[in-house]
Every structure is written in C-alpha cells, then in structure tokens.
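Have a look at the structure below before the remarks.
The values are calculated or read from the model by the stated rules, or taken from the named source; none is laboratory data. Nothing here was measured: the structure is a model prediction, and the numbers come from that model. Because the Cβ atoms are built from the backbone with ideal geometry, glycine has one as well, and the counts that use them run over all protein chains shown. For the accessible areas, the whole protein counts, side chains as well, though only heavy atoms, and no ligand, DNA or RNA atoms are used. Shrake-Rupley method; radii C 1.70, N 1.55, O 1.52, S 1.80 Å.
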Amino acid sequence: MKLIQYYLDCLSHASYLIGDETTGRAVVIDPQRDISEYLADAEKYGFAIELVIETHFHADFISGHLELAEATGATIVYSSVAEPEFDFMGVANGQRYSLGEVTLEFRHTPGHTPESLSIVVYEHADDEVPYGVFTGDTLFIGDVGRPDLLASIGYSREELAELLYDSLHTKLITLPDATRVYPAHGAGSACGKNLSTDLVSTIGEQKQWNYALRAPDKETFMRLVTEGQPPAPGYFVYDAILNRKVHGLLDEDRAPEALSYDRVRQAVDRGAVVVDTRTPDDFARGHLRGSVNIGLGGRYAEFTGSVLSPDVEIVLVTEPGQELEGKNRLARIGFDRVLGYLAEPDKAMVEHPQDVAVASRLTAKAFGDRVAEVSGLQIVDVRNPGEAEAGIIPGAVNIPLAQLAGRIGELDAATPTVVYCAGGYRSSIAASLLRHHGFTDVSDIIGGYNAWDQTFQNA
C-alpha cells in the first residue's frame, strides 16, 4: 500500500492518495481544488485514480472532486445518504471496496454533518487490525468535528452533537487502539476549537488524550463540543452548498489577466473590490485608496471569505509573480470572480497619487500615547472569543474578524479607531476593511495584543 498525505497549511486541510502497488489502482480522499499534485504522484507511482471519495460536503473549501473526475474519469463517492446534484456512487454503512490487496471499508459517521463518512483502510482484506481510518471532520487529533455549522441546514447543533457522540462511540473508537487516525484538518481550522498540530495519531492515543472522547457521558460531551467554538467564516455556507452542485472547473495554470490602472478604476466604480495581497507593512506605506489588505503570507483565502461576499468581483494587487497564486488560493474557497490584477502597481500609484493612501500602524507605546491623547478612542479587538477571554486591552470591544463585516454598524465610523489582533496580520485586514467602509481615522497595532501585553503588562 502506498499512502500519501497532502497538507495545505493555509487552510489546515489534509487530503490523501491511497494506492495498491500490486494492481496500480488508487483513490483520493477529500482533494483540494487544484489537483496537479495528485495527478503528478499518480503518474510517478504508476497509479490509476478510480475513486474520489468525499467524507462530507465540505464547508471550508471547494473540493476537487469535479476536477479529478474530469481529469481521470474517476467515480465520485459519498455516503449513500448524501444528495449531490451530480452523478456519484453512494456507499452503504459497512460496505467494502477492494483495490486488490488494499481494502476500504466505509462507515457512516454523521454528526459534523448528516452525511459524514469515515473510511477504514486495510493493507490486506483479512487483517484483523486496520492500517488506519480517514475520519474527515468527524474525529480530529485532539478534537472532534463541530456540530454547529450552518452547513447542516435543517438540523440543530444538539441533534448533530448527539449523532456525533454515537458515531464516535459505535463506529470509530471501537476500532483497535493501534489504528492510525488521519483527519481532514489540523490546527488553525475553524472546523474545531482544539485541533492538534500533529497530522496523524492512533485511536488509542485519542481515547487517552482527546478531551471530547474523555467526556464521561453524552450530556457532558454535547456541552463540551457545542461551547466555545470560533466564529465560522462567512463563506462556509456558500461552500457547503457549492460542493453539492455542478460548477465551473478550475484551470490552475491560467494566470489572471493583467489590467491597466484605468480598467481597475472602471471595475471599482462598478463595485469590484481591490484585494492587496502584500504584507501589512508594505500595504501601509502606500496602496490604492479603498483597498482591503489580505496578505498572501497568512490565511489569505479564509480571511478573504470572512470579510468579502462570494458574489463580489475582485482585482488583485500582488508582488510580481504572485498573481497566479493569488487567484488559485481564492479559487480553493470558490471565489472565482477574480477579474485580474493591477499591472505594474508601483508605477500606477506613482502616476496617480490622488488615489493612493497610507495606513496608520502604531507601536504599542504609540498606542498608549494615543489612548492618553484621544478621549473616547474606539478600540476593537478582532481576535476570536477564546483569545479575548485570556486577556483584553481595557476599553476594547471584541468583534472577531469573521464577524466584522456583518457588525460594522455597531461601530461609529466618525470616531477615531484602533484595531488589534494577536500579532498584526488580522488587524491590518480589519483596519483596511473599516477604511473601505468609510471610517476616516483608523489605525492598527503593530504586534497586536502580544506587543501591548509585553509593553504594559510585563514591563
């Protein structure tokens, strides 16, 4: 058996290729939308990909099942209770599928979503102990899938939490302790609240260390897994629905179009948003007025989906050579309306200084001076609630970045405002979003809460 794990840091997403080296037959589980790595490895090892298996309708990214099916002729597989709007093979609970020596066993594990599926893999059909289990978003390392996402329309979080408990206790932790656990996500994903940085574990380790599996009863489990979850980015429902549908295929090799300054201005006048993917410091030194700064160096796609609507047209500003990456990473969450990128942005800004703005970024000390000088300063903490519970700057209001676009009306656009996060990446996004919506005096704190804490709390 050949097993390859692919891990996409910017979305905390794990996908897998499993091949039987005796037959050359292979499957891919939970693929990302840009599929070149799977195709390259299949060719490298002489595999024919015959199934694309989805553990559920993903909410945090657009899967590559349609792209892989088109490229390889593979059959798309979901749980038999799923109802996608394209041809697929529905698999029953307990059904087995042989690749030769390697055998897959499908187990229905509803809870994170009603159609959630886990795949047990055996190196040989008669092995007593499975090699591993691919748990999707049902069981993570250190956590379990959250049951409260709006993707599961028609189910309450309590109903799904109860299903999740039953799935875990009757379908997964009944597996032998040595069974390896391969989840669909790791630390940083909004699909859970306590995900580990480890990318593989065992059933035995999870029974011992996973807080949710250690709950003494179902009632305690349901309370634990429904409280304290981070706000879900706004695009999650959009992606969960789009993954059910037939949609356009990604051409990951096609670069976005280079646009002149005049064409960019025309697009903005029609309602397009300029997304500047440079670092917060480079953005602060000069950018097109009204741009939103979402740096490629961070969780770029996730935060774009948190602050912008999927139906908004986007123009990119990037460092030279990063245009294709900027487009493809947005496509991973289904944001396909990238009109192009601004050609020669430095030249455009020099030639049109009237459309250029700079951003105010404050050191922690300068922020302290600003608090002393400005009466009624509006301070906004855009970290998640769990972060804010550990400490908050006095006088700040906590509005997580994933909720900011929908809660801007709670803030006064005419009041001087300072935004902060943990380290300065999210705060630059938030401050630029507020300026985009007409806030006239907005700064953010370089180094965020951590810098403020070191300067004033630990001085």
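State all residues of segment 352-397 that are open to solvent by 40 Å² or more (accessible area, probe 1.4 Å), assigned to a strand (DSSP E or B) and touching a residue at least 60 places away in the same chain (Cβ under 8 Å); if no residue qualifies, say none. Correct list: 360, 361. On the stretch given as segment 410-440, residues that are in contact (Cβ under 8 Å) with a residue 60 or more places away in the chain and either surrounded by fewer than 24 Cβ atoms within 10 Å (Cβ to Cβ) or farther than 17 Å from residue 295 by Cβ (or both) total 4. Residue 178 fulfils the conditions (1) open to solvent by less than 30 Å² (accessible area, probe 1.4 Å); (2) of a type in the set (A, V, I, L, M, F, W, C); (3) within 25 Å of residue 5 (Cβ to Cβ); (4) in a loop (DSSP other than H, G, I, E, B) except for a single criterion, (1). Only residues that are part of a loop (DSSP other than H, G, I, E, B) and open to solvent by less than 60 Å² (accessible area, probe 1.4 Å) were counted in segment 323-349, giving 5. Only a single item in (1) open to solvent by 10 Å² or more (accessible area, probe 1.4 Å); (2) out of contact with any strand residue (DSSP E or B) (no Cβ under 7 Å at 6 or more places or on another chain); (3) modelled with pLDDT of 95 or more is not met by residue 404, and it is number (1). Counting only helices (runs of 4 or more DSSP H) that sit wholly inside segment 199-273, those with at least 3 residues that are more than 30 Å from residue 288 (Cβ to Cβ) are 203-209, 218-226, 236-242.
Tally time: how many residues in segment 305-322 are part of a helix (DSSP H, G or I) and closer than 24 Å to residue 14 by Cα?
At the first step, the residues of segment 305-322 found to be part of a helix (DSSP H, G or I) are 305-307.
In the following step, the residues that additionally are closer than 24 Å to residue 14 by Cα were identified as 305-306.
So the answer is 2.
Among all residues of segment 115-137, there is at least one that is assigned by the TED database to the domain that holds residue 185, within 20 Å of residue 50 (Cα to Cα), open to solvent by 40 Å² or more (accessible area, probe 1.4 Å) and of a type in the set (A, V, I, L, M).
Would you say residue 199 is over 16 Å from residue 149 (Cα atoms), touching a residue at least 60 places away in the same chain (Cβ under 8 Å) and not aromatic (Phe, Trp, Tyr)? So residue 199 fits the description; yes. Just so you know, in segment 322-373 the residues that are touching a helix residue (DSSP H, G or I) at 6+ places or on another chain (Cβ under 8 Å) and of a type in the set (Val, Ile, Thr) include one that is farthest from residue 284 (Cα to Cα), and it is 333. Restricting attention to segment 235-256, the residues that are within 18 Å of residue 148 (Cβ to Cβ) and open to solvent by 60 Å² or more (accessible area, probe 1.4 Å) add up to 2.
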